[in-house]
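See structure below.
The values are calculated or read from the model by the stated rules, or taken from the named source; none is laboratory data. Since we're looking at a predicted model, the values are computed, not measured. Cβ sites come from the backbone with ideal geometry, for glycine too, and all protein chains shown count toward neighbours.
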Amino acid sequence: MSFNLAVILRETAQRSPDKPVTIQDDSRMTYGELDEQSGRLAAGLAASGIGPGDVVALQLPNIPQFLVAYFGILKAGGVVVPMNVMLKAAEVAFQLRDSSARALITWTGVLGEAAPGAADAGVTQVYAAGGGSGTVTFEQLLNAPVPGQPLAERDPADTAVIMYTSGTTGRPKGAELTHLQLYMNADIPRRLFDVQPDDIVITVLPLFHVFGLSSIVNVCVRFGCTMSLIPRFDAAAVLAAIERDRATIFEGVPAMFVALLACPELDSFDVSSLRIAISGGASIPAPVLDAFERRFGVVILEGYGLTETASTTTFNVSATDRRAYSVGKPIWGTQTEVWTARASGCRPARATWARSSPVACTS
């Protein structure tokens, strides 16, 4: 059986080619355009010698080129390594070397760190969105002729993405996420908050993080939603995008909810289009949750996940069936255990079984 995660784009583009997949300020990209451009990028990578199983690092902010590169690498059969745009040269070199990356797609704004990092790791294929001295531009990579509609055959258990952890206990570790794992973590959460094709999702979570990549990009593309891209979090910019684009879903970490509530211009924006909010990344304080729900008139659904699990592991399953101030219950297909840390190490205190494989050891 062959299964390439990029099929989610191919199917949506065939069904709704003129539907916007991204909005950024006054510009829009349609699903048809994304499918076509990512196909060109796949052909460009293939022409440069990148084939199925080869690793390509992707270091871009929340701009349309991220999606073009992400799906282009997948279509070529490559493995995507999303990288933080704030990495220093030594960190870039480590992740490139550790993942055995053959190429790097980056952004001209971070070439000062990315280029020497790539050189240190021995990566000579460097493509920069926006150009840059000594590099082939991202745009040149799109000039390759496209033979048909490339979509490399991959096994469902093949690695699609290597996502590096935050490295809280040492150096970051590359978590290998498969095509099927990422698909399931897009398909199942959609049913929890009833994503619809007419939803517009505020996309300010960084796409190089598993929360943004799995819970926003893959979900939106799988079900034909529109992403309102915001490259860097700013409370006023988020509120303006909600009003301008009539956004219906906001996903963020607790600090973002705090900043939105504290924004001095909050009352000047119309946020009535929002229908639901999703919080993850850390526990959201109860007073923040309560204040946000009162002020914005929406329910916050909180969840818990890991880089290693392709994001969602537990979630409050719906606005009508939730336990406020908790991360909810294990989602369909998962099995979880709750452990407590003791002096002699992690020991099981209580197990909550429902269906997956990851076991979290928390203090």
Quick test of your reading of the structure: Pro264 fulfils all but one of (1) part of a helix (DSSP H, G or I); (2) over 14 Å from the mean Cα position of the chain (by Cα). Name the failing condition by number. (1)
Looking at (1) part of a strand (DSSP E or B); (2) modelled with pLDDT of 80 or more; (3) of a type in the set (A, V, I, L, M, F, W, C), can you tell me which one Ala341 breaks? (2)
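Condition first: closer than 30 Å to Ile300 by Cα, surrounded by 19 or more Cβ atoms within 10 Å (Cβ to Cβ) and either in contact with a strand residue (DSSP E or B) (Cβ under 8 Å, 6 or more places away or on another chain) or without any contact (Cβ under 8 Å) to a residue 24 or more places away in the chain (or both). Can you find one or more residues in the range 127-146 that meet it? I'd like the intermediate steps shown before the answer.
Narrowing the range 127-146 to residues closer than 30 Å to Ile300 by Cα: none.
So far as the range 127-146 goes, no, none of its residues is closer than 30 Å to Ile300 by Cα, surrounded by 19 or more Cβ atoms within 10 Å (Cβ to Cβ) and either in contact with a strand residue (DSSP E or B) (Cβ under 8 Å, 6 or more places away or on another chain) or without any contact (Cβ under 8 Å) to a residue 24 or more places away in the chain (or both).
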Is one or more of the residues making up the range 290-308 buried (at least 21 other Cβ atoms within 10 Å of the Cβ), among the aromatic types (Phe, Trp, Tyr) and not in a strand (DSSP E or B)? yes
Hydrophobic (A, V, I, L, M, F, W, C) and in a helix (DSSP H, G or I): is that true of Leu182 in this structure? yes
Please verify whether the range 103-118 includes one or more residues that are over 21 Å from Met163 (Cβ atoms), among the β-branched types (Val, Ile, Thr) and in a loop (DSSP other than H, G, I, E, B). no
Tell me, which residue of the range 295-320 that is among the aromatic types (Phe, Trp, Tyr) and more than 17 Å from the chain's Cα centre (by Cα) is modelled with the lowest pLDDT? Phe315
Within the range 273-287, is even one residue in a helix (DSSP H, G or I), within 23 Å of the chain's Cα centre (by Cα), assigned by TED's automatic domain parsing to the domain that holds Asp194 and among the hydroxyl-bearing types (Ser, Thr, Tyr)? no
Unique match (being in the same structural domain as Val55 (by TED's automatic domain parsing) and touching a Leu at 6+ places or on another chain (Cβ under 6 Å)) among Ala89, Ala76, Ala115: Ala76
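One line per residue, one yes/no per condition, for (1) surrounded by 16 or more Cβ atoms within 10 Å (Cβ to Cβ); (2) small (Gly, Ala, Ser); (3) without any contact (Cβ under 8 Å) to a residue 60 or more places away in the chain:
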site: Pro17; (1), (2), (3): no, no, yes
site: Ile23; (1), (2), (3): yes, no, no
site: Asp26; (1), (2), (3): no, no, yes
site: Ala46; (1), (2), (3): yes, yes, no
Going by the conditions given, is Thr340 free of Cβ contacts under 8 Å to residues at least 24 places away in the same chain and either in the same structural domain as Arg190 (by TED's automatic domain parsing) or over 24 Å from Leu229 (Cβ atoms) (or both)? yes
In the range 184-201, what residues are under 20 Å from Asn316 (Cα atoms) and not charged (D, E, K, R)? Met184, Asn185, Ala186, Ile188, Pro189, Leu192, Phe193, Val195, Gln196, Val201
Looking at Pro172, Pro156, which one is under 21 Å from Arg10 (Cβ atoms) and in the same structural domain as Gly78 (by TED's automatic domain parsing)? Pro156
Between a first residue in the range 151-162 that is of a type in the set (Asp, Glu) and modelled with pLDDT of 95 or more and a second residue that is buried (at least 20 other Cβ atoms within 10 Å of the Cβ) and not in a loop (DSSP other than H, G, I, E, B), which pairs have beta carbons less than 7 Å apart while being 6 or more apart in sequence or on different chains? Asp158/His179
The residue from Ser214, Ser228 that alone is of a type outside the set (Lys, Arg), buried (at least 24 other Cβ atoms within 10 Å of the Cβ) and not in a helix (DSSP H, G or I) is Ser228
